[in-house]
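First the structure, in the form of structure tokens, and then the observations on it.
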Amino acid sequence: MEYGQRYVYVSANREICPDLPYVQRLFHKVCREEYGTQTGPTMLAALKLQVEIYNNKCNDTCALLGTTSQGAPLVVVCSPLMKKVHQLKHSGELCFIDSSGNMDRENCRVFLLLTHSCAGGLPLGILLCQSEDEQTIAQGLEQLKQVVGEKGFAGRGHEGPQLVITDDCRAERGALGKAFPKATLLLCSFHLLQAVWRWLWSKESGVTHGDRPALFAIVKEMLYCQEIGSVDRLYSEARGHPVVARYEKFLRYLDRLYARRECWALSYRGSFLTRGNNTNNFAEAAMRVLKDKILQRTKAFNLPQLFDLLTSRLETYYEARIVDVALGRWESFQRAKFLPQDGNIAALHIQQIEDKKFVVKGSTQTYDVDMDLELCSCPAGQTGAPCKHQAAVMKHYSCLSHSFLPINPEMRAELMKLTSAETISLDFLQPLRLKRQSCQSFRSAHEPSTTHQEQQDEEAGHFSAPLHPLTPRHPHPSV
Ligand SMILES: [Zn+2]
């Protein structure tokens, strides 16, 4: 189209239209200069250079190259964004870990460590290695601890996070136990049930087709029952169950599961700050991002190229995602549990006890909410999960919370701090239509000057009286 009548001459000109083999040869020439050969010493030299260049670019030690006892390279990455995520309170509480392969031609293993936030799972570190035995993973975690430093994991440093949710992988759990001996290792509920299902539906189990659902239901109930001591009760009931009695193999399988009940039964998690997370889904989703968005369903040529892609595209992806969530452009999150849903709890049902402590009156009982710890005494809020009582307090008192999608400029600014974006004024982060939601406006609404209509609105939980968008009531300092 561009060349019109001259197309016939242009298409025959290889200077303008090179053929595919030529492009491939050129690609390999350029690729080899930057990434070395697929394996061997040239690849290692290229990898070393890549790590050096990356650290210089970051002006910090953000990647570390080591060698395993088998002489294979082992790289860990904690990018500038990941270092900022390590400052979040959540990074010291809970960490997800998962690994995947098939990302380059040499089939390297990629381990991702993540923590949760209102923007989904955010990365804490990456391990790149050529095998997944316990010793290699443990060495990788030690290397990561060096890069992360004492400020990592929300100031817990080398102690690592309090809780780690993993798949049922012995090597991974063994390595985590060595690297973070003080951390509690939990099993992902979904993966546990999946493993039970697979075992029951395999020939090895010897269970007939008709009995499988009944046996699966027994394990499922043991997993989900929230009552303390329920696992022991259900276990002894299961042992006397007529269907269970027919299968000696299942009984032994159940015994082995029961011995590890503290890792998977939800009734043992009441005292842990899981913040409503019982599965490793954040890590699973991150793996999909890696393969779909970062690698675009192709394989990297070798380890140096994989390192390059992970340190450039992954960082850009998560930065863009955080900015989108902060500015309310992440549409898929609008249906999520992070959306503050206050269950129409009106302001008059909330009593402020201290600066960040509140008592919220529910329909049948009252709940204590601590916005500093982001906890509530209701069943959901006890583990730190977002609940309607915290949402109501956040709405009426304009408190900051990391468990919900941002609803005010201060929360948006907190999220933006994770990115490398320059300082953004709170005015920019204000919604186009201002609502009276701040703590101060709530108090002033109860002063004698408040009109009867306004007070009725406040009591009904409506804060719809718009202010003039150009004259914000409270001038905010810059972030
Ligand atoms: Zn609650």
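The values are calculated or read from the model by the stated rules, or taken from the named source; none is laboratory data. Since the model is a prediction, treat every value here as computed from it, not as a measurement. All Cβ positions, glycine included, derive from the backbone under ideal geometry; neighbour counts span all protein chains shown. Accessible surface areas use protein heavy atoms only, side chains included; no ligands, DNA or RNA. Shrake-Rupley method; radii C 1.70, N 1.55, O 1.52, S 1.80 Å.
Among 227-234, 137-144, what's the highest-first ranking by average C-beta atoms within 10 angstrom per residue? Before the final figure, lay out the partial values.
Values: 227-234: 14.4, 137-144: 21.9.
The packing order, highest mean first, is 137-144, 227-234.
I need to check one value: relative contact order of the chain, counting alpha carbon pairs closer than 8 Å and at least 6 residues apart, in percent. Write out the running numbers ahead of the final one.
Numbers: 739 pairs, mean separation 59.0, N = 479.
It rounds to 12 percent for the chain.
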How much length is gained on full extension from LYS203 to LYS89, taking 0.36 nm per residue of separation minus their Cα-Cα distance? 36.4 nm
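Which of the peptides 398-409, 414-425 is most tightly packed, and how do the rest follow, judged by the mean count of other Cβ atoms within 10 Å per residue? List each step's numbers first, then the result.
Numbers: 398-409: 20.5, 414-425: 15.6.
Top to bottom by mean Cβ count within 10 Å: 398-409, 414-425.
Keeping every protein chain present and rolling a 1.4 Å probe, give me the accessible area per residue for the chain in Å². Write out the running numbers ahead of the final one.
Details: 24500 Å² over 479 residues.
Per residue, the chain has 51 Å² of solvent-accessible surface.
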Quick note, segment 190-268: a/c under 1.5 would make it rounded; otherwise a/b > b/c is prolate and the rest oblate (a ≥ b ≥ c, C-alpha gyration tensor); here it is prolate
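Under the 0.36 nm per residue contour assumption, what length would be gained going from the current alpha-carbon distance of ASN55 and ALA214 to full extension?
Net length gain for the segment: 51.7 nm.
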Given R₀ = 41 Å, what would the calculated FRET efficiency be for SER11 paired with GLU34, taking r from the Cβ atoms and rounding to 0.05? 0.85
20 Å Cα-Cα threshold exceeded, pairs from LYS293/LYS417; LYS89/LYS182; LYS151/LYS182: LYS293/LYS417
Under 17 Å by backbone N from the virtual spin label 7 Å along Cα-to-Cβ at SER420, the residues of segment 299-333 are 307-324
Rounded to whole Å, give me the distance from the Cα center of segment 3-34 to that of segment 129-168. 47
Around LEU114, what is the net charge, scoring Lys/Arg as +1 and Asp/Glu as -1 over all other residues with Cβ under 11 Å from its Cβ? -2
Output the relative contact order of segment 160-218, whole-number percent, from Cα pairs under 8 angstrom with separation of 6+ residues. 30
Which peptide among 88-101, 46-59, 181-194 comes first, and what is the full order, when sorted by highest mean count of other Cβ atoms within 10 Å? 88-101, 181-194, 46-59
Rounded to a whole %, the carbon-and-sulfur portion of the accessible area of the chain at a 1.4 Å probe is 53
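Per the helix-only calculation at 222 nm, which mean residue ellipticity applies to the chain, given -39500 (n - 2.57) for every DSSP H run of n ≥ 4 and division by its residues, nearest 500 deg cm²/dmol? Present the calculation step by step, with values, prior to reporting the outcome.
On the way: 21 runs with 204 residues, N = 479.
When only DSSP H runs of four or more count, the value is -12500 deg cm²/dmol.
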So how exposed is ASP133, as accessible area in Å² (1.4 Å probe, rounded to 10)? 50
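Within the set of other residues whose C-beta is less than 13 Å from the C-beta of ILE322, count the net charge using Lys and Arg as +1 and Asp and Glu as -1. Show your work: numbers first, answer last.
Values: positive: LYS84, ARG321, ARG329, ARG412, LYS417; negative: GLU315, GLU319, ASP324, GLU414.
Summing Lys/Arg as +1 and Asp/Glu as -1 gives +1.
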Would you calculate the separation in nanometres between label points at ALA171 and LYS293, each defined as 7 Å from the Cα along the Cα-to-beta-carbon direction? 2.8
I want the local charge near LYS57. Using Cβ-Cβ distances under 13 Å, sum +1 for each Lys or Arg and -1 for each Asp or Glu among the other residues. -4
